[in-house]
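Participant: Sharing a structure here in structure tokens format.
The values are calculated or read from the model by the stated rules, or taken from the named source; none is laboratory data. Just so it is clear, the structure is predicted and the values come from calculations on it, not from any experiment. Methodologically, a virtual Cβ is constructed for each residue, glycine included, from the backbone with ideal geometry; neighbour enumeration extends over all protein chains shown. Accessible surface is based on the protein model in full, side chains and every heavy atom, while ligands, DNA and RNA are left aside. Shrake-Rupley method; radii C 1.70, N 1.55, O 1.52, S 1.80 Å.
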Amino acid sequence: MPTSYLSPKLEIRAAPEKGGFAVFCRQPLQKDEVICAWSGVVQTEAQLRLLPPEALSHTVQIDEGLFLASLGAEEEPADYINHSCNPNAGVRGQISLVAMRPILPGEEITFDYAMTDSTPFDEFPCACGAPQCRGQVRGDDWQRPELWQRYEGYFSAYLQARIHQHRKNHV
Ligand SMILES: [Zn+2]
């Protein structure tokens, strides 16, 4: 039994060019409708360092120094959502993804890892194809002011708090 949640309006498709799978919209989604909720085992940074590289790509940072890792035998449907530098989904809270705008059938569901990550555990060259593609996904991408504007309200709660602090200090 999977322990994560993926909206029944979505479907998982093979996407070999993306190194595995991707999640696509089957029925229209409204802005701020729930897309998925991640699940897993809560890990500290020290515990995360001991995981095999394969497991590292199935983790999401949920707070300062805390991560959710999918360590079960089964693949979790919510782990199939890919990164894009021009995403249509964003974080609400720390484990839910919601639509940032209306999403139509046929569109791939993506979010920007800058919305959740602030550590270098899951960095990779990006080939998402968006005009604003950063070319490389890095753990400190959340610090980019242009993203603060584009993803306002859609960063993971701990990052949204950091950004508010940053802004207060630099007014
Ligand atoms: Zn990209």
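Participant: Somewhere in segment 109-123, is a residue assigned to a loop (DSSP other than H, G, I, E, B) and modelled with pLDDT under 95?
Facilitator: Yes, there is a match, as at least one residue in segment 109-123 is assigned to a loop (DSSP other than H, G, I, E, B) and modelled with pLDDT under 95.
Participant: While we're on this one: Can you give me the number of residues within segment 1-20 that are touching a strand residue (DSSP E or B) at 6+ places or on another chain (Cβ under 7 Å) and open to solvent by 60 Å² or more (accessible area, probe 1.4 Å)?
Facilitator: Counting residues in segment 1-20 that are touching a strand residue (DSSP E or B) at 6+ places or on another chain (Cβ under 7 Å) and open to solvent by 60 Å² or more (accessible area, probe 1.4 Å) gives 6.
Participant: So, one more: Go through segment 114-125 and give me each residue that's within 13 Å of the ligand (Cβ to nearest atom) and either buried (at least 18 other Cβ atoms within 10 Å of the Cβ) or within 23 Å of His170 (Cβ to Cβ) (or both).
Facilitator: Residues of segment 114-125 within 13 Å of the ligand (Cβ to nearest atom): 114, 123-125.
Within segment 114-125, Ala114 is the sole residue that qualifies.
Participant: Of Cys128, Cys85, which residue is surrounded by 14 or more Cβ atoms within 10 Å (Cβ to Cβ), assigned to a loop (DSSP other than H, G, I, E, B), within 16 Å of the ligand (Cβ to nearest atom) and modelled with pLDDT of 95 or more?
Facilitator: Result: Cys85 is the single residue among Cys128, Cys85 that is surrounded by 14 or more Cβ atoms within 10 Å (Cβ to Cβ), assigned to a loop (DSSP other than H, G, I, E, B), within 16 Å of the ligand (Cβ to nearest atom) and modelled with pLDDT of 95 or more.
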